[in-house]
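Structure first, commentary second.
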2 protein chains.
Amino acid sequence: MKRLMLLVALLLPLGLGAQQNVGFKKSNVEPVVVNADRSVTFQVEAPGAKKVAIRGDWEANGGQGELKKGDNGVWTYTTPPLPSEMYTYRISVDGQMGLAPGNPFSCRDVGNLFSIFYVNGGNGDYYQVRDVPHGSVTTTWYHSDILGMERRLNVYTPPFYEKNQQAYPVLYLLHGSGGDENAWLELGRTARIMDNLIAEGKIEPMIVVMPNGNPSKQAAPGETTDNLSYKPAMSNSFPGYKDGSYEKSFTEIIHFIDNRYRTLADKAHRAVAGLSMGGFHTLYISLNYPDYFNYVGLFSAGLDMSAIDTTNPMYANLDQKLSDLKRSGYGLFWIAIGKDDFLYDANQQFIDRMKKQGLDYQYVESTRGHIWANWRAYLLQFAPLLFK
Amino acid sequence: MKRLMLLVALLLPLGLGAQQNVGFKKSNVEPVVVNADRSVTFQVEAPGAKKVAIRGDWEANGGQGELKKGDNGVWTYTTPPLPSEMYTYRISVDGQMGLAPGNPFSCRDVGNLFSIFYVNGGNGDYYQVRDVPHGSVTTTWYHSDILGMERRLNVYTPPFYEKNQQAYPVLYLLHGSGGDENAWLELGRTARIMDNLIAEGKIEPMIVVMPNGNPSKQAAPGETTDNLSYKPAMSNSFPGYKDGSYEKSFTEIIHFIDNRYRTLADKAHRAVAGLSMGGFHTLYISLNYPDYFNYVGLFSAGLDMSAIDTTNPMYANLDQKLSDLKRSGYGLFWIAIGKDDFLYDANQQFIDRMKKQGLDYQYVESTRGHIWANWRAYLLQFAPLLFK
């Protein structure tokens with residue numbers, strides 16, 4: 001017993017030790033509770049606050065709500081039932097917006113962190129870790145002669161990649177404006193989606209490459225030689241935005257990957273897809289290199305006919321390039337957009353151009369707008385169509 | 001010009017697009033400014049707040065300060081000059097503690113996020129990204145028969161690992177209580193320290209393995225099949241804490257790494273080091289497997305003689321095991337602790353035991369206590385002593 005007491009005495013300071021000199025306060029309330037009917041209750045312990053509000057990315061009430069204060073100083077708010085999803089949100093306490101107090105789980109989008117939670121029973125299940133074989137994720141650097149710098153990318157290799165000598169097909173997955181090489185992993189949940197779809201036998205095991213799509217940036221904010229002087233921002237504020245240099249440099253990424261990994265290094269086993277700005281990149285990468293990709297995916301693509309028909313050689317002569325792609329041939333040209341997306345009309349205009357040139361495509365029109373819930377859902381739909 | 005206007009019109013909605021439905025508010029004040037004299041000024045725009053305070057991990061004023069409100073609604077606080085370092089801090093607005101508004105850069109410690117900044121001109125330089133060749137970091141999973149689960153670990157491979165056929169020595173780097181496989185990367189800045197020390201020719205290029213040291217947890221919070229029901233906590237609240245099972249399972253990690261990577265798979269080319277609980281693990285891994293490691297590093301090790309001399313076979317017979325290690329031989333037994341560390345006395349008691357058994361060791365006594373600033377500094381000192 002004496003030994004036990006000594007042990008307990010030891011554990012107590014050890015327990016606090018890693019936090020010496022830093023604040024560590026825990027509230028006893030559960031910050032987010034998903035109820036049986038899939039409504040979600042948020043709780044914030046803030047006895048002194050005057051107003052506590054929530055802003056999330058769910059559709060109900062536009063993701064907005066005001067919490068109500070209980071006698072115990074705990075503020076609460078309950079949503080209507082929500083579809084299965086990964087949701088992001090923030091809490092405002094007396095006008096100061098930030099992460100939800102007490103929720104340790106977050107994701108970064110551009111320069112802000114958002115608290116997260118899942119609602120199970122559908123798509124949200126695919127975004128979580130299940131008891132299935134897991135792939136690996138490697139963060140590494142490649143050299144771009146064209147952009148004149150070392151650049152960072154993330155590579156997902158499927159389960160058992162290291163245990164066999166098999167060569168794999170490759171999906172290149174491109175982020176949107178404000179994103180970086182981490183976006184498809186953090187907000188897109190790509191590694192989990194791949195693990196879970198592979199485990200269900202719904203997709204071919206594949207390598208997924210997630211590069212950085214900002215031609216003047218080496219890497220994500222904080223991960224470049226600019227370190228903390230990198231101000232996260234939307235990509236159109238960075239040099240090189242849509243000047244064609246990124247699309248031009250893309251073959252360097254492909255060659256790097258084909259050299260580094262056991263890939264099936266031919267058109268039949270390569271796919272490229274991207275969201276928003278990454279959809280724009282995807283279009284021009286596939287059009288300017290018609291012999292590289294058999295599968296093309298535009299997810300809420302940042303297509304605007306005025307940006308497209310410029311004199312920039314990378315973006316000029318759309319009809320000719322569409323015609324070249326048709327002649328070269330491809331397995332799948334997949335276009336998805338939400339009916340509320342501000343890019344809806346631009347995508348319809350682009351589809352008209354494809355029709356005029358007689359190109360085949362698959363079109364998926366989803367609900368809602370320009371949001372990660374759609375992009376994750378598109379990946380869930382697109383990946384099973386590849387390499388079959 | 002008309003085309004330019006159209007382009008601008010396109011860029012605007014695209015710029016906001018990725019943020020549709022989520023809050024994105026930017027303040028114009030710089031959240032943290034490192035001044036020429038290395039004092040640091042913090043700014044928070046909070047016109048309606050009554051009290052804004054800061055809590056950080058610097059020594060000056062115990063890291064505490066109260067910001068003062070200016071006429072413009074911006075609160076400011078300036079520290080005295082600070083040593084070069086990576087600092088973590090949080091801001092409290094009217095008693096609500098959280099990340100610093102406007103600072104997009106953070107690190108997680110246990111279950112909380114902390115805002116970060118660097119002061120240059122010394123150790124802090126090593127924790128940032130420089131224009132040097134970069135290694136890769138892979139997050140992968142191994143199977144433990146002993147612990148009965150898939151487990152996650154991070155592996156740093158040095159620059160050019162993929163471009164040659166060389167075999168490399170391996171450093172196993174263990175986290176403390178409340179930590180996980182990400183702690184040495186996030187708070188420890190290990191990949192950057194390694195890149196920068198290798199570039200300066202100060203260390204041998206080596207592989208660094210950062211496993212998860214909680215025997216009942218597969219991975220970091222949010223990365224296990226428990227997903228968001230994993231409540232981050234200090235390790236002593238988890239099953240298996242110091243029951244010997246983790247040390248017993250450690251050879252599984254070594255075998256996994258030696259199979260997966262091009263390692264120099266012998267004692268001469270293996271090192272193990274750990275902080276706090278990881279120092280305790282390090283001691284018993286090196287003592288119970290005296291033929292595995294030529295280099296041992298205890299960083300503020302969680303040693304307590306009452307925990308050590310238990311009947312658990314893994315922790316019993318310390319003197320006999322020390323004697324076995326002496327007979328087996330080793331290149332370096334390195335012990336570092338801060339003079340203000342609550343584990344200071346325990347480490348001195350352990351050193352007495354080593355002395356009695358006639359074991360050689362190197363002892364480094366630093367300033368301050370049980371903090372990451374010390375552990376990063378210890379890695380900077382320890383790594384150059386390895387594999388030479």
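The values are calculated or read from the model by the stated rules, or taken from the named source; none is laboratory data. For clarity, every value in this text was computed on a predicted model and none was experimentally measured. Please note: Cβ atoms are built from the backbone with ideal geometry, for glycine as well, and neighbour counts cover all protein chains shown.
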If I filter region B:61-78 for residues that are part of a strand (DSSP E or B), more than 14 Å from B:Val32 (Cβ to Cβ) and in contact with a helix residue (DSSP H, G or I) (Cβ under 6 Å, 6 or more places away or on another chain), do I get at least one hit?
no
Those residues of region B:149-182 which are closer than 20 Å to A:Val137 by Cα and part of a loop (DSSP other than H, G, I, E, B) amount to B:Pro158, B:Pro159, B:Phe160, B:Asp180, B:Glu181, B:Asn182
What tally of residues in region A:95-105 results from selecting those that are in contact with a Gly (Cβ under 7 Å, 6 or more places away or on another chain), assigned to a strand (DSSP E or B) and not small (Gly, Ala, Ser)?
1
Considering only residues that are surrounded by 22 or more Cβ atoms within 10 Å (Cβ to Cβ) and aliphatic (A, V, I, L, M), look in region B:113-126 and name the one that is nearest to the other protein chains (Cβ to nearest Cβ).
B:Ile116
Unmet requirement for A:Gly95, which otherwise passes all of (1) more than 21 Å from the chain's Cα centre (by Cα); (2) facing another protein chain (nearest Cβ under 9 Å); (3) under 30 Å from A:Lys163 (Cα atoms)
(3)
Filter region B:157-184 down to the residues that are facing chain A (nearest Cβ under 10 Å) and not small (Gly, Ala, Ser), then identify the one that is farthest from the chain's Cα centre (by Cα).
B:Lys163
Would you be able to say whether some residue in region B:233-243 is surrounded by fewer than 20 Cβ atoms within 10 Å (Cβ to Cβ) and within 17 Å of the chain's Cα centre (by Cα)?
yes
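Would a scan of region A:200-208 turn up a residue that is within 13 Å of chain B (Cβ to nearest Cβ), closer than 28 Å to A:Leu332 by Cβ and surrounded by fewer than 24 Cβ atoms within 10 Å (Cβ to Cβ)?
Looking only at region A:200-208, we keep the residues that are within 13 Å of chain B (Cβ to nearest Cβ), and these are none.
Within region A:200-208, none of the residues are within 13 Å of chain B (Cβ to nearest Cβ), closer than 28 Å to A:Leu332 by Cβ and surrounded by fewer than 24 Cβ atoms within 10 Å (Cβ to Cβ).
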Cβ pairs under 7 Å, 6+ apart or interchain, first in region A:219-232 and facing another protein chain (nearest Cβ under 7 Å), second hydroxyl-bearing (Ser, Thr, Tyr) and surrounded by 18 or more Cβ atoms within 10 Å (Cβ to Cβ), ordered by first then second residue, are A:Pro221/A:Tyr230; A:Gly222/A:Tyr230; A:Thr224/A:Tyr230; A:Asn227/B:Tyr118; A:Leu228/B:Tyr118
Please determine, by comparing only the residues of region A:366-383 that are over 14 Å from the mean Cα position of the chain (by Cα) and assigned to a helix (DSSP H, G or I), which one is surrounded by the fewest Cβ atoms within 10 Å (Cβ to Cβ).
A:Gln381
Go through region A:141-176 and count every residue that is without any contact (Cβ under 8 Å) to a residue 40 or more places away in the chain and touching a Gly at 6+ places or on another chain (Cβ under 8 Å).
0
With the structure loaded, tell me whether B:Asp360 is without any contact (Cβ under 8 Å) to a residue 40 or more places away in the chain, more than 12 Å from every other protein chain (Cβ to nearest Cβ) and surrounded by 15 or more Cβ atoms within 10 Å (Cβ to Cβ) or whether it fails that test.
no
Can you tell me which condition B:Thr139 does not meet? The list is (1) more than 8 Å from chain A (Cβ to nearest Cβ); (2) assigned to a strand (DSSP E or B); (3) more than 13 Å from the chain's Cα centre (by Cα); (4) of a type in the set (Ser, Thr, Tyr), and all the others hold.
(1)
With the requirement that a residue be β-branched (Val, Ile, Thr) and in a strand (DSSP E or B), what does region A:106-135 give you?
A:Ile116, A:Val119
Filter result for the condition that a residue is among the aliphatic types (A, V, I, L, M), at the interface with another protein chain (Cβ under 9 Å from one of its Cβ atoms), crowded, with 21+ Cβ neighbours inside 10 Å and within 30 Å of A:Gly48 (Cα to Cα), over B:Val110, B:Val129
B:Val110
If I filter region A:233-249 down to residues being within 13 Å of another protein chain (Cβ to nearest Cβ) and among the charged types (D, E, K, R), which single residue comes out as nearest to A:Gly302 (Cα to Cα)?
A:Lys242
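Conditions tested, residue by residue: (1) within 7 Å of chain A (Cβ to nearest Cβ); (2) at pLDDT 90 or above.
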| position | (1), (2) |
| --- | --- |
| B:Ala18 | yes, no |
| B:Ser27 | no, no |
| B:Arg38 | no, yes |
| B:Gln43 | no, yes |
| B:Arg55 | yes, yes |
| B:Asn72 | no, yes |
| B:Trp75 | no, yes |
| B:Thr78 | no, yes |
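Please find, among A:Tyr315, A:Tyr261, the residue that is within 13 Å of chain B (Cβ to nearest Cβ), surrounded by fewer than 21 Cβ atoms within 10 Å (Cβ to Cβ), within 24 Å of A:Pro211 (Cα to Cα) and at pLDDT 95 or above.
On the way: A:Tyr315 fails: surrounded by fewer than 21 Cβ atoms within 10 Å (Cβ to Cβ).
Result of the check over A:Tyr315, A:Tyr261: A:Tyr261.
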What single numbered condition from (1) within 12 Å of another protein chain (Cβ to nearest Cβ); (2) at pLDDT below 50; (3) more than 30 Å from A:Ala53 (Cβ to Cβ); (4) surrounded by fewer than 16 Cβ atoms within 10 Å (Cβ to Cβ) fails to hold for B:Met1?
(1)
Kindly indicate whether B:Leu147 is hydrophobic (A, V, I, L, M, F, W, C), surrounded by fewer than 21 Cβ atoms within 10 Å (Cβ to Cβ) and either at negative phi or in contact with a Pro (Cβ under 9 Å, 6 or more places away or on another chain) (or both).
yes
Selection over region A:98-107 where residues are more than 7 Å from every other protein chain (Cβ to nearest Cβ) and within 19 Å of A:Ala183 (Cα to Cα) yields a count of 1
